[in-house]
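Q: Below is the structure I would like to discuss, written out as structure tokens.
The values are calculated or read from the model by the stated rules, or taken from the named source; none is laboratory data. Values in this document were obtained by computation on a predicted structure and should not be read as measured data. All Cβ positions, even for glycine, are placed from backbone atoms using ideal geometry, and neighbour counts span all protein chains on display. Please note that ligands, DNA and RNA were not included when accessible areas were found on the heavy atoms of the full protein model with its side chains. Shrake-Rupley method; radii C 1.70, N 1.55, O 1.52, S 1.80 Å.
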Amino acid sequence: MKFKCKHTYEDTHSMEWTGNWELIHYNGCFWELLINGRGSSFHSIIGVSSSGPYICIPSIDVGCGLSSWADTFWNTEKLSGFIPVTDAVTIAEALRSFSLC
């Protein structure tokens, strides 16, 4: 599934790009997505625990809780503490897109 990303960086320049996600697996408890954008690719595991949604990206040793799937601002802020902001925006937009399906 394709999605669009747009971000204004701290130096005030804006950038737009497209990304895509592919559902790799769903077992009734969690989803595995392959998220691609701007030359990066993330094999991601997403699910919902008793404390809310989460994402794990084992290949880069990142995992964290999320806001709602569609909250791109909060999810970008949370993920950008671990990965570059461009990748965080891509993943947050992929989750928003995924939530609409």
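Q: So what's the net charge close to residue 19: Lys and Arg +1, Asp and Glu -1, counting the other residues with Cβ under 9 Å from its Cβ?
A: That works out to +2.
Q: Something else about it: Skipping prolines and chain starts, which residues have an amide H placed within reach, meaning under 5 Å, of the one on residue 62, given they are 5 or more residues away or on another chain?
A: 57
Q: Moving on. Net charge around residue 85, counting only other residues with Cβ within less than 13 Å of its Cβ (Lys, Arg = +1; Asp, Glu = -1)? Please report the intermediate quantities before stating the final value.
A: Working: positive: 6, 38, 78; negative: 10, 11, 77, 87, 93.
Local charge sum for residue 85: -2.
Q: Heavy-atom accessible area of residue 24 with all protein chains present, probe 1.4 Å, nearest 10 Å²?
A: 80 Å²
Q: Give me the net charge for the shell around residue 8: Cβ to Cβ below 15 angstrom, other residues only, Lys and Arg +1, Asp and Glu -1. Could the numbers behind the result be given before it?
A: Numbers: positive: 4, 6; negative: 10, 11, 16, 77, 93.
Summing Lys/Arg as +1 and Asp/Glu as -1 gives -3.
Q: On to the next question. Which label marks the calculated value of Cα Rg over 2.2 N^0.38 Å, given the options [x] 1.31; [y] 1.00; [z] 2.82?
A: Working out Cα Rg over 2.2 N^0.38 Å from the coordinates points to [y].
Q: Now for a separate question. In debye, nearest 20, what is the charge dipole magnitude of the chain about its Cα centre with +1 on Lys and Arg Cβ and -1 on Asp and Glu Cβ, if you could check?
A: On the way: 6 positive and 10 negative charges, 48 e Å.
Here the chain has a charge dipole of around 240 debye.
Q: Please report the accessible area of residue 85 (heavy atoms, 1.4 Å probe, ligands and nucleic acids excluded) in Å², nearest 10.
A: For residue 85, the solvent-accessible surface is approximately 50 Å².
Q: Right, here's the next one. Counting only protein heavy atoms and a 1.4 Å probe, tell me what percentage of the chain's accessible area is made up of carbon and sulfur. Before the final figure, lay out the partial values.
A: On the way: 3050 of 5680 Å².
C and S atoms contribute 54 percent here.
Q: Computed FRET efficiency, Cβ-Cβ of residue 25 and residue 80, R0 22 Å: what is it to the nearest 0.05?
A: Numbers: r = 27 Å, r/R0 = 1.21.
Calculated transfer efficiency: 0.25.
Q: Any idea what angle helix 85-99 forms with the longest principal axis of the chain, computed on alpha-carbon atoms, 0 to 90 degrees, nearest 10?
A: The angle comes out near 50 degrees.
Q: In percent, how large is the relative contact order of the chain, given Cα pairs closer than 8 Å and 6 or more residues apart?
A: RCO, the chain: 21 percent.
Q: Same structure, new question: Could you tell me the accessible area of residue 61 in Å² (1.4 Å probe, neighbours in place), rounded to the nearest ten?
A: Near enough 140 Å² of accessible area.
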